[in-house]
Amino acid sequence: QTCALPICAGEVDGTDYHFLSDADFVARVARGEFAEWAMVHDRRYGTLRSEVQRGLDAGRYVLMDIDVQGAENVRRRIPESLMVFVLPPNEEELLKRLRARGREDEAAIERRFAESKKEIDRATRGSTFDAFVVNDSLPLAIEEVAAIVAGRLARNER
């Protein structure tokens, strides 16, 4: 994914995100270079079309880790996309996971927590997502997502 500067503490350009100046990000949006983008937590995040196309050209399926706004944008542009929303087991675990990252102060964690609850509500009330997976256990959640993808692929081959 691509993110507008500044780089947050602990983030590495090219590892966590590809960072752009805000002006470059806005210019690329204007030129239609993003498959999706959104303003999240007062920062612009997006996925460049060129990166998605590179994966598709290589014969790969493209998996995107995006927020609800991004998923809604992709759904409008690519209606046949498979959208899976990964949920935390409960609010207490969500808050525990946000704190365990160790990247932000408590005020920022509380803002993210509030926004996450809104996102979960928006995702579960809308029609953007095809499936929901509860991440009680990461290995099991991965298996469940893989099964959902395999099911879609099997239906598409018929």
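The values are calculated or read from the model by the stated rules, or taken from the named source; none is laboratory data. These figures come from a predicted structure and were not determined experimentally. Virtual Cβ from ideal backbone geometry, glycine too; neighbours counted across all protein chains shown. Ligands, DNA and RNA are excluded from the accessible area calculation, which covers all protein heavy atoms including side chains. Shrake-Rupley method; radii C 1.70, N 1.55, O 1.52, S 1.80 Å.
Within segment 56-68, restricting attention to residues that are open to solvent by less than 80 Å² (accessible area, probe 1.4 Å) and at pLDDT below 90, which residue is farthest from residue 128 (Cα to Cα)? Before the answer, list the steps.
Our first condition is that a residue be open to solvent by less than 80 Å² (accessible area, probe 1.4 Å); within segment 56-68, this holds for 58-59, 62, 64, 66-68.
Adding the requirement that they be at pLDDT below 90 leaves 59, 62, 64, 66-67.
Values: 59: 25, 62: 17, 64: 14, 66: 13, 67: 11 Å.
Ranking the qualifying residues of segment 56-68, first place goes to 59.
Hey, any hits in segment 127-150 for a residue that's touching a residue at least 24 places away in the same chain (Cβ under 8 Å) and within 29 Å of residue 23 (Cβ to Cβ)? Spell out the reasoning first.
The first filter runs over segment 127-150 and keeps only residues touching a residue at least 24 places away in the same chain (Cβ under 8 Å), leaving 128-136, 141, 145, 148-149.
Now restrict to residues that are within 29 Å of residue 23 (Cβ to Cβ): none.
No, every residue in segment 127-150 fails to be touching a residue at least 24 places away in the same chain (Cβ under 8 Å) and within 29 Å of residue 23 (Cβ to Cβ).
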Select from segment 28-55 the residues that are at pLDDT below 85 and open to solvent by 60 Å² or more (accessible area, probe 1.4 Å) and write down the one among them that is farthest from residue 148 (Cα to Cα). 42
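Among residues belonging to segment 82-102 that are within 30 Å of residue 60 (Cβ to Cβ) and over 14 Å from the mean Cα position of the chain (by Cα), point out the one that is surrounded by the fewest Cβ atoms within 10 Å (Cβ to Cβ). Quick ask: steps written out before the conclusion?
The initial filter retains those residues of segment 82-102 that are within 30 Å of residue 60 (Cβ to Cβ), namely 82-88, 97, 101.
Still in the list and also over 14 Å from the mean Cα position of the chain (by Cα): 88, 97, 101.
Values: 88: 17, 97: 14, 101: 10.
My answer is 101.
If I filter segment 69-76 for residues that are open to solvent by 70 Å² or more (accessible area, probe 1.4 Å), within 17 Å of residue 29 (Cα to Cα) and without any contact (Cβ under 8 Å) to a residue 60 or more places away in the chain, do I get at least one hit?
Kept after step one, since they are open to solvent by 70 Å² or more (accessible area, probe 1.4 Å), are these residues of segment 69-76: 76.
Restricting the remaining residues to those that are within 17 Å of residue 29 (Cα to Cα) gives 76.
Those left that are additionally without any contact (Cβ under 8 Å) to a residue 60 or more places away in the chain: 76.
Among the residues of segment 69-76, at least one is open to solvent by 70 Å² or more (accessible area, probe 1.4 Å), within 17 Å of residue 29 (Cα to Cα) and without any contact (Cβ under 8 Å) to a residue 60 or more places away in the chain, which makes the answer yes.
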Of the conditions (1) loosely packed, with under 13 Cβ neighbours inside 10 Å; (2) under 16 Å from the mean Cα position of the chain (by Cα), residue 150 clears all except one; give me its number. (2)
Out of (1) over 17 Å from the mean Cα position of the chain (by Cα); (2) of a type in the set (Asp, Glu); (3) under 22 Å from residue 76 (Cβ atoms), the odd one out for residue 119 is which? (1)
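Quick check, is residue 111 in contact (Cβ under 8 Å) with a residue 24 or more places away in the chain and farther than 20 Å from residue 36 by Cβ? Even if it seems obvious, please write down each step before you answer.
On the way: in contact (Cβ under 8 Å) with a residue 24 or more places away in the chain: yes; farther than 20 Å from residue 36 by Cβ: yes.
Here the answer is yes, as residue 111 does meet what is asked.
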What do you reckon, is residue 157 open to solvent by 80 Å² or more (accessible area, probe 1.4 Å), free of Cβ contacts under 8 Å to residues at least 12 places away in the same chain and over 19 Å from residue 72 (Cβ atoms)? yes
